[in-house]
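Beneath this line is the structure, given in C-alpha cells, with notes to follow.
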Amino acid sequence: MRYFDHNATAPVCAAARAAWLAALERFPANPSSPHRLGARAATALEEAGRAVAGWLGCSPLDVVWTSGATEAANAVFHHLARAGAGEVWVSALEHPCMLAAARRWLGERVRLVPARPTGVADLDWLAEELRRRRPALVALMAANNENGVLQPWREALALCRAHGVALACDAAQWVGKLPAAGLGECDFVLGSAHKFGGPPGVGFLKVPRGFHPLLVGGPQQDGRRAGTENVPGILALVAAWAERERQLAAGEAAERERWRDQFIAGLRAALPEVRVVGEGAPRLWNTVAAVMPPVPDCRRRWVVQLDKLGLAVSTGAACASGKEQPSHVWLALGGRPEEADRLLRFSAGWDTTEADWQALLEGIRQAHAQGLRAPVAARGAAPG
Ligand code: PLP
C-alpha cells in the first residue's frame, strides 16, 4: 500500500522505534521514584526536555509532556479560563481540537479570526481589531492539516507582542516537516509525535510561567501535568524529531517539494478541472489538497477506488460522527459547500518517494478512466 495520509498519522520511524524499545529496557522505573532507577528515568526526561527546548528555542522549564496535541489544546484554554481570561481570538482555520477546546473552556468569549481565500488567516483584520481591543490570547496554527498552507504565525506573533497579547501556536503539522526554530517565542506551542514519526499518544506543550494544570492528582512535571510520564514515548518523540531536524538541515525537503510539484503538474495535465487549495500560498512540501472533478458521492468513491488500487488517501476533514459535514476550513476560505464533497487530501511522508507520487498520479488517472464505480463500503472521513 502506498500511504498518502501522513497528516492523519505518520508511521513510526526506525529511530523512534529503536529509542522506544531501548527506553523500555533502560528506564523501567517511575521518574518520580526515589531510587537510582527512578533518578535515571528522571534524568532521561530532563535531557529530552532540553532537546525539545533547543529545537523550539525556549527554556526546558517551559516544556510540558502531554498525550498529544488535543490534550495540549485543552490545557491551553483550560489555563486561560482558570486565569480569568476575557476574549480569545481563534483562527477559523484551526484544527477542531483548538476550536472545540476554546469553546469548551471559554464559551461565548471565543471570537473567530477570519481567513482569506488564499488560505491564510487575515492578519489585516487582526491588526485592525487589535488596535481596538485586547484579547487574552490569539490562536493561530503554524501549518494547516487539511491543505498544508503555512500560516503567518511569525507576523501574528509580532502583532501580538506589539499589543501585549499572548499567542498560542498549534505546530502539530509544522514540527518535523519544517525547522522548529523560533516557535518557542510563542507563549504556547503544541505538537504531537505521531505526526512526524514518533508514536501516537505523546506530545508536548510549551507554556508560560504560572500555568494552571489541566490534569491534577500528582506533582509530576512541576505540578503542570499530573500522571506518570510516558518515558519511552517521550524518548521516541525526541528521536523522531532529531531525525527530522537532521533531514531538514541536510536540505532533504527540497527534492520532496519538487516531487509534489511534479505530481500537481501531472494531475492538472490529466484532469484539467482539478484545483489545488491554497496553491498561491507557501505550503508544506508533503501536502496537496485538491478539488477533484465532480462525481456523485465524490470523495468516498475516490477514496475507495484509490484504496483498491493500493493507494491510501484521505478526504482531509475530521468527521467524528461519521456523518460528513463540509470542512470548516474549506468554508472559512470561502469555498462553496457543494464543492466540499470534491476535496481530497494527499499527504506524503519522509519515506514517500518520487515513484510513490507518480504511482498516485497513475492511480488517479486509472480511477478516473474507470469511471469511479460506486464504493462497496465506505468509512467516515479520516481524522487529522
Ligand atoms: N492539530 C493539528 C493541526 C492536527 O493536524 C492534529 C491531528 O489530528 C491535532 C492538532 C490533534 O493531534 P493529536 O492526535 O495528537 O491529538
Query raised in the report: When only residues in segment 155-202 that are of a type in the set (Gly, Ala, Ser) and under 12 Å from ALA240 (Cβ atoms) count, which is farthest from the ligand (Cβ to nearest atom)?
Result: GLY197
Query raised in the report: From the list ALA53, ALA44, which one is in a helix (DSSP H, G or I), at pLDDT 95 or above and touching a Phe, Trp or Tyr at 6+ places or on another chain (Cβ under 7 Å)?
Result: ALA44
Query raised in the report: Which one of these does GLU229 not meet: (1) of a type outside the set (Phe, Trp, Tyr); (2) within 24 Å of the chain's Cα centre (by Cα); (3) exposed (fewer than 13 other Cβ atoms within 10 Å of the Cβ)?
Result: (3)
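Results for (1) within 25 Å of ALA332 (Cβ to Cβ); (2) within 20 Å of the chain's Cα centre (by Cα); (3) away from the ligand (no atom under 16 Å from the Cβ), shown as yes or no for each residue.
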{"residue": "ARG40", "(1), (2), (3)": "no, no, yes"}
{"residue": "PRO60", "(1), (2), (3)": "no, no, yes"}
{"residue": "THR66", "(1), (2), (3)": "no, yes, no"}
{"residue": "ASN74", "(1), (2), (3)": "yes, yes, no"}
{"residue": "PHE77", "(1), (2), (3)": "yes, yes, no"}
{"residue": "ALA83", "(1), (2), (3)": "no, no, yes"}
{"residue": "VAL88", "(1), (2), (3)": "yes, no, yes"}
{"residue": "ARG103", "(1), (2), (3)": "yes, yes, no"}
Query raised in the report: Within the set of pairs 6 or more residues apart or between chains, which connect a residue that is of a type in the set (Val, Ile, Thr) inside segment 163-184 to a residue that is assigned to a strand (DSSP E or B) and within 11 Å of the ligand (Cβ to nearest atom) with Cβ atoms less than 8 Å apart?
Result: VAL175/GLY191
Query raised in the report: Just to be sure, is LEU93 within 11 Å of the ligand (Cβ to nearest atom) and either more than 30 Å from GLY201 (Cβ to Cβ) or in a loop (DSSP other than H, G, I, E, B) (or both)?
Result: yes
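Let's see how each residue does on (1) at pLDDT below 95; (2) at positive phi; (3) outside any loop (DSSP other than H, G, I, E, B); (4) not assigned by TED's automatic domain parsing to the domain that holds ALA92:
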| residue | (1), (2), (3), (4) |
| --- | --- |
| ARG300 | yes, no, yes, yes |
| GLU324 | yes, no, no, yes |
| GLU339 | yes, no, yes, yes |
| ARG345 | no, no, yes, yes |
**Report entry** Test: residue in segment 200-210 that is at pLDDT 95 or above, under 29 Å from ARG116 (Cα atoms) and within 16 Å of the chain's Cα centre (by Cα)
**Finding:** yes
Query - Qualifying residue in segment 272-280 (condition: assigned to a helix (DSSP H, G or I) and within 16 Å of ALA367 (Cβ to Cβ)) - result: no
**Report entry** Qualifying residues in segment 216-237 (those that are in a loop (DSSP other than H, G, I, E, B) and in contact (Cβ under 8 Å) with a residue 60 or more places away in the chain) - the one nearest to the ligand (Cβ to nearest atom)
**Finding:** ASN230
Query raised in the report: What is the number of the single condition among (1) surrounded by fewer than 22 Cβ atoms within 10 Å (Cβ to Cβ); (2) within 17 Å of ASP307 (Cβ to Cβ); (3) within 20 Å of the chain's Cα centre (by Cα); (4) at pLDDT 90 or above that ASP351 does not meet?
Result: (2)
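The values are calculated or read from the model by the stated rules, or taken from the named source; none is laboratory data. Keep in mind it's a predicted model, so treat the numbers as computed, not measured. Ideal geometry is used to build each Cβ from the backbone, glycine not excepted, and the neighbour counts take in all protein chains shown.
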